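Since the structure comes first, as structure tokens, the remarks are kept for the end.
Readers should treat all values here as calculations from the given coordinates under stated rules, not as data from a laboratory. Keep in mind it's a predicted model, so treat the numbers as computed, not measured. Cβ sites come from the backbone with ideal geometry, for glycine too, and all protein chains shown count toward neighbours.
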Amino acid sequence: MVNNDTAEKKIVINPVTRIEGHAQIDILLNQDNTVREAQFKVTDFRGFEKFTEGRPYYEMPAITSRSCGICPVSHILAAAKACDSIVGVNPPKTAVKLRRLMHMGQLIQSHALNFFHLSSPDLLFGFDSDPASRNVFGLIEKYPDLAVQGVKLRRFGQEIIEKIAGKRIHPSEWIQPGGVRWSLSRDRLDYLQDELPKALEIAENTLAMFKQMLSSFRDEVENFGNFPSYYMGLVDSDGGLEHYDGKLRIMDKDGNVVAECTDPLKYQEYIGEAVEPYTFMKFPYFKAVGYPEGAYRVGPLARLNVASHCGTPLADEEFKEFKRLGKNGVVQSTFHYHYARLIETLFCIESTKKLLEDPEILTEHVASRAMVNNYEGVGIAEAPRGTLIHHYKVDIQGRITWNNMVIATEHNNIAYNKAITQVAKKYVKTQQLQEGMLNRVEAVIRAFDPCLSCATHAVGQMALAIKLFDANGTLLDKQIR
Amino acid sequence: MAENFMITLKIDGVQISVPEGTTILKAAKDNGILIPTLCDLEGLTPYGGCRLCLVEVTGSPKLFTACTTPANPGMDVTTNSERLKNYRKIAVQMLMSERVHMCAVCVANDHCELQALANQLGVNHVAFERHFTREPIDSSHDFLVIDRNRCILCTRCVRVCDKIEGVHTLDLKKRSKNTEVIMDLDEAWGDSCSCTGCRKCAKVCPVGAIYIEGEAMSQTKNPDVAEFITARRNRK
């Protein structure tokens, strides 16, 4: 909220472009025109937690996945895991492997979408370049080979999902509490195995290209949300990188593991949710420290920070190199989300290979059948953007009586505000509104890859209105691009 | 003897002969002319509820439900005029507006006769105000579930329960758009003492109103079950 004593003016960036969803950024200024604070506001209101009340628990994968068209698979899996815990059964081994395999497809396609379609125009054209061509179409024109690679990599991810679950987006019919509905056929497996080497090559090349570019972004690495925070992510029983199941680990800025949640039902002992009046997005925080000091980050950067290794040969090599960027192996610049995302993409393709070669993957027993045995269930999975938690309570007939979804993007909320404040302080000089500096404020959000709803604005066609107000609310300056 | 007495009529300009007493719907179907319908099912008593099988008969200003109207000698029936197409579109839209029909998150998505018909007729929007009912779901039965918000009141379940299974667990209460399928004396399904759990209601439900928990719709749906059992029973 604007305090008239200390802040006279306000800059509004609305909408923020090239992210998934709708948001605006308000930059609040002091009397001397320096930046006091920046606020990230999510203007969508969805209401999933309320309108799912009364629906049967097994409909939840289908309904909740509609909150997002980019990562429906992650929602489907978190929901299915919550349902598994309501029925109280373990899915057959092959069902778990197939679910994991589908999730690898999800991570590959989503990471490719963020890197190639949304973020690479900033990196390749520079933050001060003309916004008219700084988008995916500009990319196609100037770097057609790279754009095609991006499309191909994303397609591979989507094809994994389609071959396993029947369709690319919202494949909720395939999932069921206690397993999945159908097994994988040999011809589909063969197809994916044939396509895999090409995807692996693209991932390796992209990572090599990114590492080459890194030296030219020293300034951004230094100032793009480069601040200490806690980190949260799933790890497997050995502490390795994990996306589907495992324990939830919270790590501090120095690399010490401060909490590990092994029972998903107890996540609320570790995470609290605060509410601010200016946005529809909640502010989760690490309970042991409190709000807002308990700010933590999730997503690719956090996952690599909390993990001790990846578990696949190529990704492990890259992982070691990545860890050297930070003190005690904790990398804190938000800019490195891009880097972490590309390492994860490599990991996911290698994991896909491993799963496809698993002798059990074609087994036909893929579902355990059960009825409501518990009245509460929690499912935790690592969505492309971070930890995703679905928490349901049901009545004796399995009808949802209470629903709490903690979306990956929410976890980073405090971090968004910190990061944009840092970037705004460094780059926004309020005498005039410059394209590049405002884009940097946007770009830091883009580095987190937030997914604010189900929409994708891959092309910079939406108007970006930046407004400068004085203390009385009078418009001083306005730029529209 | 009467069964063997053949009559001749014209459907969509084609001369056809059928045994006396045959409905227009059956006469058309047996001769390769498909008239859309949601409530009718071979093997069950015709009901005439969904109004999708309306046809024109030359010489009469009113429309007839093909499922309940017997074919008469010399009848000239039109099954697919522009007027009928329009009425059918309206009927589908009215069914969709009456309760909650959200295909994307429905258990019957891609296995729904209402959805298929809407696609076939080119219904791409609902012109009427939608009524989002919030009837509680009854999943008290071990595996059968009824979501009355998706019910289109075709009464296939009521008829299959009565005529084929012979227990008459299901029936209707209230009137008009407030009509509801009930079990026994309006009890929770799990408390019904007459239900045999035969699943035929779920097999014939054209939408996602009655289904089997945890079973894929592709496995459950089998509307031909009524015709099949009736044919077996009548086998000489």
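Around the Cα centre of the protein assembly as shown, unit charges on the Cβ atoms of Lys, Arg, Asp and Glu (plus for the first two, minus for the last two) sum to a dipole of about 1040 debye.
Across peptide A:175-183, the mean count of Cβ atoms from other chains lying within 10 Å of each residue's own Cβ comes to 2. Assuming 0.692 mPa s and 37 °C, estimate D for the stretch A:298-455 with Stokes-Einstein, Rh taken as the Kirkwood radius over Cα pairs, in µm²/s. Answer from the Stokes-Einstein relation: 174 µm²/s. Annotation: amide H of residue B:192 has no partner in the under-5 Å range at sequence separation 5 or more or interchain, hydrogens built in the peptide plane.
The helix-only estimate of mean residue ellipticity at 222 nm for chain A, built from DSSP H runs of length n ≥ 4 each weighted as -39500 (n - 2.57), is -12000 deg cm²/dmol after division by the residue total.
Put simply, the stretch A:185-275 fits an ellipsoid with semi-axes of 32, 27, 11 Å; these come from the alpha carbon gyration tensor as the roots of five times its eigenvalues, largest first. From least to most packed, judged by other beta carbons within 10 angstrom and beginning with the fewest, A:360, A:37 follow the order A:360, A:37.
For the pair the stretch B:158-214 and the stretch A:52-127, the centres of their Cα atoms are 36 angstrom apart. Look at where the Cα atoms of the stretch A:362-425 and of the stretch B:5-40 average out, and the two centres are 55 Å apart. Once you reduce the stretch A:193-254 and the stretch B:62-137 to the center of their Cα atoms, the two points are 52 Å from each other. Sorting the Cα pairs of the stretch B:2-80 by distance into bins of 5 Å, from 0 upward, gives 3, 17, 30, 26, 18, 6, 0 percent per bin. Principal-axis analysis of the Cα atoms of chain B puts helix B:82-98 at an angle of about 10° to the longest axis. Per residue of peptide B:214-224, the mean number of Cβ atoms on other chains within 10 Å of the residue Cβ is 2. Taking every alpha-carbon pair within the stretch A:164-214, the share separated by more than 18 Å comes to 56 percent. Go ahead and run the numbers for FRET between residue B:30 and residue B:135, Cβ-Cβ distance against an R0 of 60 Å, rounding to 0.05. Taking R0 as 60 Å, the efficiency between residue B:30 and residue B:135 is 0.95. Among the helices of chain A, none built from whole DSSP H runs has Cα atoms reaching 30 Å or more along its own axis together with a mean Kyte-Doolittle hydropathy of at least 0.5. Mind grabbing the base-10 log of I(q)/I(0) for chain A at q = 0.05, 0.07 Å⁻¹? Debye formula, identical points on the C-alpha positions, no solvent, two decimal places. Debye curve over Cα of chain A, log10 I(q)/I(0) at q = 0.05, 0.07 Å⁻¹: -0.17, -0.35.
Each Cα pair under 8 Å and six or more residues apart adds its separation to the average, and for the stretch B:87-233 the resulting relative contact order is 25 percent. Normalised Debye scattering of the stretch A:385-441 at q = 0.14, 0.18, 0.20, 0.29 Å⁻¹ gives log10 I(q)/I(0) of -0.59, -0.72, -0.79, -1.04, counting only Cα atoms as equal scatterers and leaving out solvent. Amide H contacts of residue A:394: A:376, A:401, each under 5 Å away and 5 or more positions distant or on a separate chain (H built 1.01 Å from N in the peptide plane; Pro and chain starts excluded).
Hydrodynamic radius of the stretch B:87-233 by the Kirkwood approach over all distinct alpha-carbon pairs: 15.8 Å.
Annotation: the residues B:176, B:194, A:120, sorted from fewest to most other C-beta atoms within 10 Å of their own C-beta, follow the order B:176, B:194, A:120. The H on the amide N of residue A:226, modeled in the peptide plane, is under 5 Å from the matching H of A:334, each at least 5 residues off or on a different chain.
When the charge dipole of the protein assembly as shown is built from unit charges on Cβ atoms (+1 for Lys and Arg, -1 for Asp and Glu) and taken about the Cα centre, the candidate among A:30, A:169, B:225 whose Cα reaches farthest toward its positive end is B:225. Going by neighbour counts of Cβ atoms within 10 Å, the residues A:243, A:75, B:168 line up, fewest first, as B:168, A:243, A:75. For the stretch B:153-168, putting each phi into the Karplus relation 6.51 cos²θ - 1.76 cosθ + 1.60 with θ = phi - 60° gives couplings of 6, 6, 6, 4, 5, 4, 6, 5, 5, 7, 7, 8, 6, x, 10, 6 Hz, in residue order, rounded to whole numbers and with x for Gly and Pro.
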